[in-house]
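One structure is given below, encoded as structure tokens.
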Amino acid sequence: MGIGAGGTPSARRRCWVESANDPEGDFPLENLPFGLYEEERLRRHTCLAIGDRVLDLLACRDAGLLNATQIVGLGPRGLGHMELWRAREIRHRAAELLSDPTYRAAVEPHLIPQSEVRMLPPFGVGGIGDYTDFYASIHHATNVGRLFRPDNPLLPNYKWVPIGYHGRASSIVISGTEVRRPSGQTKAADAEAPTFGPSRMLDYELEVGFFIGGGNALGETIPLEQAEKHIFGLCLVNDWSARDIQAWEYQPLGPFLGKSFATTISPWVVTLDALEPFRVPAMVRPEGDPQPLPYLSAERDRERGGFDVNLEVWLATAKMREGGQAPVRVSRGNMKDLYWTLAQMLTHHASNGCNLRPGDLLATGTVSGATPESVGSLLERTKRGAEPLALPNGEQRKFLEDGDEVILRGWCEREGYTRIGFGECRGVVGVAKV
Ligand code: MN
């Protein structure tokens, strides 16, 4: 067995889809993340990624390869109505279909090259009901705070409250969608009045998103011990940010138009089952830090609430692409460096009785580590433009320019286990509308 609860290393099961056995690949049998793709006739199909293919679950159902109890939630609205235990059953069944050669003839017609399908947000277009973005990396919070308040980088609530803001679900786009440079009000420090025009400080934010798979009724809360049962799975998130718009508008109510113009997500939802072997303890709080309040505190969450996910940002400028140059890595961090766990963020979100709903997207906030190479935004990487990034072809970047492509990647590795990955989260910066 190579799938499911992975407490111990397992012998690797071979997949008859040869690309799924690539030790450097993102989508082996042990991953099987969910997604949604659209056919020409605008028919939407829930699918799984396997190697360089997608497995069409709707077609498998029609062919009798998935049984009746497994089909709920496979409709055109994407994953919104799939309960987690069904997702687990489907992954188990799919692993069986994809490893046992006797199923090959029946299943092969329902495999399509990933390069030939148009992916949609996994919960359908418009299916992501709400989007909340946290601020769970203490390194990010400290780095950003230091740029604005050198003597007092971290605000006093940080170690007590998982800080977040309500983002905009309508502008969440799937990987590969062009992101138009936003216009807005900005004000230079020495200017008397703001002006309106294209942002000149466009940035990316490297984040991990998690989809709600089961919600809570309005007025009800979600205990920390139960929190992960409400998480369908994880994806990569680029929370594009216009720093100049943000700096002028953010006080006193927080991010608004500097963020809401676009958020890009990767198409595949990697389940917590698949991530089980890559669990780690939550970040150990340094001596002197307060312990979380009781509603945010549980032994299991401390011991297993973190995830060892390598996260990278790659950049390809228009000039690099024209010159046939490969993207260059500008950052490498890890999700285990977060100050707050996914469970703590979720429990805190519902702690006032706010109802979370299937398909809601919560994100960690920029994932930054302790070193300059592990920060998840250009704001931090270039110290707000003071130390431009030198690219191999001689170009420099303080912030993103038109034609720049940002590529986020994430993957998990551990001795004795099969590597799994998240796929990519891509977006090219398009020119502002004039
Ligand atoms: Mn963010």
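Quick note: the coordinates plus some simple rules give every number you see, no bench work behind them. Just so it is clear, the structure is predicted and the values come from calculations on it, not from any experiment. As a convention, Cβ positions derive from the backbone with ideal geometry for all residues, glycine included, and neighbour counts pool all protein chains shown.
Things worth noting here:
- A simple count of charges around Gly167, restricted to other residues whose Cβ falls under 10 Å of its Cβ and scoring Lys, Arg +1 and Asp, Glu -1, yields -1.
- Simple label model, 7 Å out from Cα along Cβ direction - Ala390 to Tyr103, nm: 5.4
- Partner lysines whose Cα lies under 26 Å from the Cα of Lys187, excluding those fewer than 8 positions away in the same chain, are identified as Lys259, Lys383, Lys398, Lys433.
- Between Leu293 and Ser171, residue separation times 0.36 nm minus the direct Cα-Cα distance comes to 40.5 nm.
- Candidates per GluC sites (Glu not before Pro) in the range 244-325, loop by DSSP, up to 16 other Cβ within 10 Å: Glu287
- Residue-span extension gain [Leu253 to Thr142] - 0.36 nm each, minus C-alpha spacing: 38.0 nm
- For the range 27-65, trypsin sites (Lys or Arg not before Pro) meeting the loop criterion (DSSP other than H, G, I, E, B) and having at most 16 other Cβ atoms within 10 Å: Arg41, Arg43.
- The ranking of Cys412, Cys15 by Cβ neighbour count inside 10 Å, starting from the fewest, reads Cys15, Cys412.
- Gain in span if fully extended, Leu154 to Glu413, counting 0.36 nm per residue against the direct Cα distance: 90.0 nm
- Relative contact order, percent, the chain [alpha-carbon distance under 8 Å, six or more residues apart]: 21
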